[in-house]
Structures are given as structure tokens and as C-alpha cells.
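Below you'll find the structure, written out as C-alpha cells, and then a few comments.
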Amino acid sequence: MAARIAYLNQSKRGFYEYRRWLPKRLRPAFGGKHEYKKSLETTEHTVAFQRWAKVNADFEAKVKLAEKMLASPNSLNSLEVLDQANRIAEEFGVHPEQAPVLKGGYTEEEYDVFVNADKDYRGKKEDWNWNYPDMVQDKYIDEEQRQKDYETGRWGQPGYQTPYKRIDPRDPLIVAGDIISGDVIKSLDATWRDAFELYLEVNAKTKRRYEHSQKKYESKMRNMFTKFGESLGKLGNRTLLKNITRVQARSFVEGYRAATGNRYNNALSAVVNLYNQENQNEPVANPFSGLANKTAERDEAVIIRSLKPSEFHQYVNLLEGHHNWEIATIGLIMAYTGCRTGEAAGLEMRDIKLTDNIPHIVFRTNQVRRIGKGGLERAVPLMARILDRLREGPTYVDTQAAYFNKYGKVSAFDNVSNQLNSVIKKGVVNDVSVVAYSTRHTFRDRSTAAGIRSDNAEYLMGHLSSGSSRIHKSYGTMTPPFSLYQEMVDTYAQKEWGYYED
């Protein structure tokens, strides 16, 4: 007997159909129906299951859009408004594309089918034309004003007219009416707000950042997008995307770059590109195309340098005497492994291996954080100077507990960087090109000076490359710490490295 699948039913005639009860709040988005029903047009269970998956996904998408419309109707972009409007028309069975068509060379039987289908379509159209004005009126009655009129005694007076709110031409219900009447066939013109809201939504799904990182990124993007909208004049973010000129785009990009030195300007072009990808039938010209000044951005960028030998030892000494054990230990792990800030701060208890023959740290994706696409999971041998420090650390029973209690979460990583940078700025050197991340550059310079093969050095740093990947894969698992222990010893035995101009 086939397993029962939710929302899959079989009619008395043996045909399968998708049926799902609709909550009252969502019924207006589904043509006022109490139940969503879709024939799968098959009597075969296997075929029905395959079609069920697509219909179920489509239903979930409809529900998500309907929920968004209820929660914040003004947040729908033009594509979502049009999509919802088309669905409203389809649910009522009166979308122009649902109108029956009689093809040339028809048979008598086909003609009879057409006549019946046309009669049914016209009947639904009459029902729509009869009920549509009432639906619009009910939706746009100004209940607040009517209550005031009732309280002041105006309601019910001779000549009193029911107050209505101004009709929004971008309301999916209104657009559905336009589609059915033939006034709107293909699309709505997108505004700048439509385009950048769509960009933020799709970008978040594509990049899958941590919640903290996503909020930070979105804040920066929204700030820039909003400023550009303000630069467009009176209409601002409501300016039609197709009406943004090259002059407006260039003026803002150059001014914004000069004011902030920001590298996010390419996102402005990405907004339009993404909109065009989602709306391929009627793309708009991209006014930002080619405006990115790569040379200027490269010239203005701050190049992070490695720590000089004297600076490195001074920094390490300051960390060892630092009052905050967690901050200092994160900094020391970075200094003695060449890892990234998040890799050190995001360790779990199980990642610290102090009792093995070769004590080491395992850098990998865990419950705290992921290893990014440019990183490599690896096991890195530990030097004696950091070992003593780690032996003072926590001893939680839960092996998957964050090793750093206060700073072992993604939202705290920026705080860690700021505090470590402060140690360098106040106690080592006040140079914008020297930051906590400089220990990673220092590891690379130091390993190069020690004659360590670049692929081995890249593996120890977790720098994803063809060489480091080859080392990683040659063992089938993480490279055993003992196999690269001597490379670590040689690297940290090196007293001089890099080239520094006075």
C-alpha cells in the first residue's frame, strides 16, 4: 500500500488532486476560496507524487507572498505585485490566459468542448464584474474616518457618503482588475525601491550569511541605496527604474566614493542586473554599468602589511600580559597559527587537542561558525608558547561548547578585532596598515623566509588554493599534525622576515 502523502487526495473517478484548507486571513489572495484545490490530472500514484511536489512548492510560494502582503503590503516589489495580481485573477478563473481558445480545423467534438468552456469562463467573468466593485469598496473603506463620523454625529445624516481611502494603483487586487479588464497585460514599471528590495531579498538567500553578518551587510546596503534614492529628487526611491539617467548614476557614484571610499558601489549595478535577470521580458538599461573605478579603489585601498619582528614580539608580550584572557588568547592563537579572527574566536572545546602526541588545533566548520568558501579545514600543530596559555583554558564537559564563552559567537567577532587592533595601535604602532589580521600576513612572510613550501604554508594558514587542496586530499582526511610540525618549528624559529622601508 502506498504511503499517505499530505494534501494528496483521490477523487471517486480515481484522479489525484492537491487539496489544502486555507486560513481565513489568506482567502482574499486565493479568490476568496476556503480551500486550495488543484487537479494533478493522473490516476497513477507515482506520477501524482511527482506533480504533487511542484504544486506544493507553488502553493507555499503563494502563501509566502500572501503573508508578506498582509504583513507589509507596501513592501512588495513590482514583480511580486504582478505575480500576486495574476494569481488572484487565476484563482477566480478569469485571467485572460484562461480564456478558452478554439483552434482552426476543429472537430465537432472540440467545438462543443469550447462552447461549454467559453460559457463557464463568461459566467465566472460576470461573477467577477459583479463582485469586484464591492471587494474594492470593502477594502478601501476608511474605517477610522467612519468611526469619527459616527462619534461626531455626521454618520447617517442626509447626503452622507461613506469615506474611502485613496486607491493604491499598485495594490494586487487593483492590478488584478486591470489585468482582467485588459488594461495591464505584461508588467508594472519597477521603482528604484522595488529593485533594491528585490536585490536584498535574493542576495540574502544566495549568500546565506550569519544573522549578525546579514544585518550588518543589509544596513550598509540599505544606507547606500536610500541615499541614492534621496539623490534622485522629489520622487526619491519611488523613481521608476527605467527613468534613472546615466548622469544621475555617475554623479552619485563619484560623490559617494569620494565621501566614503566605499567599495560597495558595484552593488548599485548589481541591483539593476538582478532585476533584469528576474524580469527578462522587459529589462531596463543599467545606468551604473561600467562606472566602477577599479584603479581608484585599488589606489585608495589600505594594504595590510605584516608585523616587523620587533613589532610581533612586542604585540605577543602585550597579549600575554593583557587583562582579558579571552581576547588575549584569541590574539595569541592568531599569532601562532596564522589563522583568521573568526577561526580563532569560533573554536569549540573539541577543536583544542592538548593531550595528543602533537598538540594541535582543528579549524573546521562547527556550531559557532562556518569555514568560508576561501578557507580550508585543517589541523595545525601548536607551539610551546601558546600551549601553556591554552592549558589554563576552560574545561567544559560539552565538547561542542564554544571555547570562548563571551567572544565565541559571530556577533562578537568585530568586537574581538576592535580590541586587538586597539592593543596594536596603543602599544605597538599607530599605523593604519597594521591590524590584528597582520599576524596572518606575518605568518606568510615568516614561512617564506624559513623556506617553507608555499603549498604547505597555505595549508597551515587555511588558504584555499590548488596546492593546499592537493595536500589536504592526498591524505584522504585532514593532514596529520605531525607531518607539518617541523614546518611550524622552522617558521617560528625564523628571526627575520619581510622587507620594510623606514
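The values are calculated or read from the model by the stated rules, or taken from the named source; none is laboratory data. Remember, predicted model here, so these are calculated numbers, not experimental data. Neighbour counts are summed over all protein chains in view; Cβ atoms, including those assigned to glycine, are modelled from backbone coordinates with ideal geometry. Surface accessibility is based on the protein's heavy atoms, side chains included, excluding ligands, DNA and RNA. Shrake-Rupley method; radii C 1.70, N 1.55, O 1.52, S 1.80 Å.
Quick notes
- For the stretch 359-398, the list of trypsin sites (Lys or Arg not before Pro) that fall in a loop by DSSP and count at most 11 other C-beta atoms within 10 angstrom reads 373.
- Principal-axis tilt of helix 246-260 within the chain, Cα atoms, nearest 10 degrees: 30
- Distant-in-sequence amide H partners of residue 191 (H built 1.01 Å from N, under 5 Å): 78, 241
- The listed peptides 313-322, 160-169, ordered by packing as a protection proxy, come out as 313-322, 160-169 (highest mean of other Cβ atoms within 10 Å first).
- Its Cα gyration tensor gives the chain an equivalent ellipsoid; the semi-axes, largest first and in whole Å, are 60, 31, 23.
- Part-to-part distance (alpha-carbon centres) for the stretch 408-423 and the stretch 112-139, which is given in Å: 63
- Once C-alpha pairs closer than 8 Å and six or more residues apart are averaged by separation and normalised to the residue number of the chain, the relative contact order reads 10 percent.
- Overall form of the stretch 1-75 per C-alpha gyration tensor (a/c, 1.5; a/b vs b/c): prolate
- Packing here is the average count of other Cβ atoms within 10 Å per residue, and on that basis the peptides 434-443, 114-123, 408-417, highest first, run 434-443, 408-417, 114-123.
- Helix 309-320 and the longest principal axis of the C-alpha atoms of the chain enclose an angle of approximately 70°.
- Ellipticity estimate at 222 nm from DSSP helix runs (n ≥ 4, -39,500 (n - 2.57)) divided over the chain, nearest 500: -16500 deg cm²/dmol
- Note on the chain: with neighbouring protein chains present and a 1.4 Å probe, carbon and sulfur make up 49 percent of its accessible heavy-atom surface.
- Each Lys and Arg contributes +1 and each Asp and Glu -1, all at the Cβ; summed about the Cα centre of the chain, the dipole is approximately 860 debye.
- This model, with +1 at the C-beta of Lys and Arg and -1 at the C-beta of Asp and Glu, gives the stretch 104-246 a dipole about its Cα centre of some 1620 debye.
- Solvent-accessible area per residue for the chain (1.4 angstrom probe, square angstrom): 56
- C-alpha center-to-center spacing [the stretch 1-67, the stretch 72-108] in angstrom: 19
- Seen through its C-alpha gyration tensor, with square-root eigenvalues sorted a ≥ b ≥ c, the stretch 301-388 comes out oblate because a/c lies at 1.5 or above while a/b is not bigger than b/c.
- Taking each of 37/64; 68/205; 308/409; 308/406; 68/409 in turn, the alpha-carbon distance tops 22 angstrom for 308/409; 308/406; 68/409.
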